[in-house]
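Accompanying notes for the structure given below.
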Amino acid sequence: MLRFNHFIRIASAALLLLTANARAAQSIDWIVATVNDEAVLRSELLSEVEVLRVLFADTSRSLLSTEELTQLAVTNLVNLRLQIQRADFLNIAIPQTRVDGVIEQLLIDTQINTAEQLARREGMTVEQFRQRLLNELRINEALFIDNREELGVSVEQVNELLRARLSDQRLREYLIQYAHLQSEDNDIAQSLRDATNDDFESIASEHHIGNDPITIGWRRESQLSELVISEIRKLEPGETSEVIELGESLHVFRVIAVRPLVPGSIRRELVKLQLLSIDNTSDVQALENAKSAIMEGESDFPGAAEVITGQVSMVEYQMDELPEQISQGMRLRVGEIGGPFLLPTGLAIAQVIEVQQETFGDDQLRSDAINTMGNINVEEVRRKWIEYLLSVGTVNIVRAEL
């Protein structure tokens, strides 16, 4: 009986092997590329090309040839594999509940009903879509771990962006009145052009068919439609637009007041330093030894001063008045220790205690700028990160064709 069962198992295995070979004959797979000795298969390439076709539909890139799509898909797959391998190396794990949360938020943002519809829109099955999201989450974690400092948004970057924005005359706030009327109310619309603020409110309220209030609160240009912006830029406070006819309705705008966006307080950059100085400007080694002891945690500034008979002092400099040796010899990060420097007070080592950087712009403006710069930083850092992974990895293109 045991031998008979053994024969049955062998026969079944042979049948399965024949079936598998038949399926393989119907859909031949081959190695497109290797990434650090890990294979990228033709089946993956076919899937990526189809994803790109869906992604590029109704765009200028829909005109790309099959060969061009194939080359782009190979690049995407190689870059993706490099990043996933890095995430594997860092042992990054993402719980499925986090993937579920991302999908739920995407359904809300896109107003799509099901994950199946969401995946279909991307040219994928639900399983492929979930795997793609999981890969992206793991890759983003790896990107952050490898590039913590580079992904930070500095105060200088935010200020530079805000300077450009605040010098733009279009960045103003408007207090406006708005009447949305039926097309047969043209006489009423014309009368609004000569009305005062109070009259505009009372006349428009009797015939207004829109959901917005007659008098709209302070609004930035970014919060207004192109139609409104194009009209109110022509107007001074107290002036009313021409009657605008759109479809079956009429629109009239009146500017009550205009004000610039409040730039907020401006504070010059200030650096606070702790100095350990000695009078003997030739005894560099003494300060080098003190610096090493402090950096290794064996001493602090007062303790080191006692050993080398030095003086500890606190100084403040405006950034543009900082001694050149310090400005060029230190990165000016809080806690950083540099030197020795030859300063007017003598030979010294310095530690950065505080950096008060120039800031301006209200909270919302700064928040918007930080998000903008953060997105710019991520894409630039990601590009350089992939270039680095390519430089230290081994990629071989074997058969990049469909």
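Here, each number is a calculation from the coordinates, and none is a lab measurement. Note that the structure is a prediction, hence the values are computed from the model and not measured. Here the Cβ is made from the backbone with ideal geometry for all residues, glycine too, and neighbour counts use every protein chain on show.
Brief remarks on what is shown
- Modelled label reach - THR59, point 7 Å along Cα→Cβ, the range 120-154 residues with backbone N closer than 16 Å: 121-124
- Working note: Karplus 6.51/-1.76/1.60 with θ = phi - 60° gives the range 319-331 the couplings 4, 7, 10, 5, x, 4, 4, 6, 5, 8, x, 9, 8 Hz, where Gly and Pro are set to x.
- Each 5 Å bin, from zero up to the one with the longest distance, holds this percent of the alpha carbon pairs of the range 120-160: 5, 20, 15, 13, 12, 12, 11, 8, 4.
- Partner lysines for LYS291 [C-alpha distance under 27 Å; skip if fewer than 8 residues away on the same chain]: LYS272
- Length-normalised contact order for the chain - Cα pairs under 8 Å, 6+ apart - percent: 20
- Directionally averaged projected area (the chain, Cα convex hull): 37.1 nm².
- Of GLU248, GLU316, GLU336, the residue with the greatest mean-square motion in the GNM of the chain, using alpha carbon springs below 10 Å, is GLU248.
- Assuming charge only on the beta carbon of Lys and Arg (+1) and of Asp and Glu (-1), the dipole of the chain about its Cα centre is about 1940 debye to the nearest 20.
- Nitroxide proxy distance, nm - points 7 Å out along Cα→Cβ at GLU316 and LEU235: 4.8
- Using R0 = 30 Å, the C-beta based FRET efficiency linking THR394 and GLU141 works out to 0.80.
- Whole-Hz couplings from phi, Karplus 6.51/-1.76/1.60, listed for the range 214-229; x for Gly and Pro: 5, 9, 8, x, 4, 10, 7, 4, 5, 9, 10, 6, 4, 4, 5, 4
- In this calculation the C-beta distance from ARG220 to GLU68 is compared with R0 = 51 Å, giving a FRET efficiency of 0.75.
- Percentage relative contact order, the range 181-241, counting C-alpha pairs under 8 Å, at least six apart: 35
- Estimated FRET transfer efficiency (GLU242, GLU336; beta-carbon r; R0 60 Å; 0.05): 0.45
- The range 27-73 - Debye-derived log10 I(q)/I(0), Cα point model, q = 0.14, 0.18, 0.22, 0.33 Å⁻¹: -0.38, -0.58, -0.77, -1.18
- The gain in end-to-end length when the GLN85 to GLU288 segment is fully stretched comes to 68.8 nm, 0.36 nm per residue minus the alpha carbon separation.
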